[in-house]
Amino acid sequence: MVRGCVGFARDPYDDLVEVKIGFVGLGHMGAPMCRNLLRQGHALRVYDVVPGAVRALAEAGAEAAVSAPDCVRGVDAFVTMLPSSPHVRAVYGGAEGVLSKVAPGTPLIDCSTIDPLTAREVAMDAKAKGCAMIDAPVSGGVAGAEAATLTFMVGGDARDFEAAKPILQCMGKNIVHCGAPGNGQVAKICNNLMLAIEMIATAEGMTLAAKLGMDPKVFASIVNTSSGRCWSSDTYNPFPGVLENVPAARGYAGGFGADLMLKDLTLVADAAKAAAHPLLLGALAQQIYQKHSADGHGGKDFSSVILQYMKAP
Ligand code: NAD
């Protein structure tokens, strides 16, 4: 690898194929993403604050680092998959952060879901250190991370997006360029805003129809060929017994956690406030998920929000 200029595409023949990658954040998503990078022939240097997570990846063939800045030493590219904005700032920023140690020209890829403003600020800080950074949050959940079928929503320069693609393709199927730095996060949180609102709307309509005497299955079949149809009604219906193989069919276990949806709605609220944009239904959706979490349902799939309208069966 040739280093020394800002940007991923330092040399058109210098592909990010079978290179050494630093990876920080080995949780539910990061660990299976790392395993897929190893399967595709990349060498890995990994770090997490949880020593057991590092050990498990070391047993699978990765090199263990002792800190995040240590993890960026000697690598050709660097990936993070962290809980939220403060963790991303902590890992990259500060006197002892990754940006204080990174070799100029090292491509940086943050896959965490964070607020767009933080993504833009950290990308600017990276640029000042001679490194291009893209934000590449994902959808597809743990199952997508395991099967390497994630969708990546990428913000950053077009040439940096193209150059990072070989790495992202080891972990996902749909890799979409969303525009300037931060726009990957914009796509991710605005999609989840719409998803949260449609899930609550589906839960409200389904439970009211049932209370007014309709068979939920019959009602869902009508909605799904009518104008109320949406992904939450036809693919992920929250009413138990309507669909098989969805969290509602197994007590809302697995899936996309209600607390993760709450986190994304909180990012939406922050972004809307910064943009002075009205957030009417989104603010209400955030409060509904806040109450749902306070009621002890944060660990359940986000479709369990229907329990705000009915008792668990
Ligand atoms: P997780 O909490 O399981 O994993 C995060 C990991 O980061 C943990 O292992 C934690 O120990 C580590 N970590 C935290 N601070 C650190 C630090 N300073 N240095 C090193 N390691 C640190 O979370 P996850 O479910 O893997 O999600 C990761 C990101 O992906 C989040 O932003 C989440 O919103 C997003 N996401 C998750 C899902 C999902 O279904 N889990 C789906 C789409 C997007």
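The values are calculated or read from the model by the stated rules, or taken from the named source; none is laboratory data. None of these values were measured; they are calculated from a predicted model. Counting neighbours? That spans all protein chains shown, and the Cβs are built from the backbone with ideal geometry, glycine included. These area figures cover heavy atoms from the full protein model, side chains too; ligands, DNA and RNA do not enter into them. Shrake-Rupley method; radii C 1.70, N 1.55, O 1.52, S 1.80 Å.
Residues that are assigned to a helix (DSSP H, G or I), within 28 Å of residue 183 (Cα to Cα) and open to solvent by 30 Å² or more (accessible area, probe 1.4 Å) were ranked within the range 229-268; the one that is farthest from the ligand (Cβ to nearest atom) is 231.
Pairing residues of the range 158-170 that are within 18 Å of residue 39 (Cα to Cα) and open to solvent by 20 Å² or more (accessible area, probe 1.4 Å) with residues that are aliphatic (A, V, I, L, M) and not in a helix (DSSP H, G or I), at Cβ distances under 8 Å and at least 6 apart in sequence or on separate chains, gives 165/175; 166/16; 166/17; 169/175. Residues satisfying the criterion are absent from the range 100-118 (criterion: among the aliphatic types (A, V, I, L, M), farther than 15 Å from residue 181 by Cβ, touching a Phe, Trp or Tyr at 6+ places or on another chain (Cβ under 9 Å) and not in a loop (DSSP other than H, G, I, E, B)). A single member of 138, 142 is within 16 Å of residue 81 (Cα to Cα), under 13 Å from the mean Cα position of the chain (by Cα) and at pLDDT 95 or above, and it is 138. Here the condition is being in contact with a helix residue (DSSP H, G or I) (Cβ under 7 Å, 6 or more places away or on another chain), crowded, with 17+ Cβ neighbours inside 10 Å and free of Cβ contacts under 8 Å to residues at least 40 places away in the same chain; of 62, 77, 68, it holds for 62 alone. In this structure, does residue 285 turn out to be open to solvent by less than 70 Å² (accessible area, probe 1.4 Å) and either part of a helix (DSSP H, G or I) or in contact with a strand residue (DSSP E or B) (Cβ under 9 Å, 6 or more places away or on another chain) (or both)? So residue 285 fits the description; yes.
Checked against the criterion of being closer than 22 Å to residue 187 by Cβ and open to solvent by 90 Å² or more (accessible area, probe 1.4 Å), the candidates 291, 273 yield just one match: 273.
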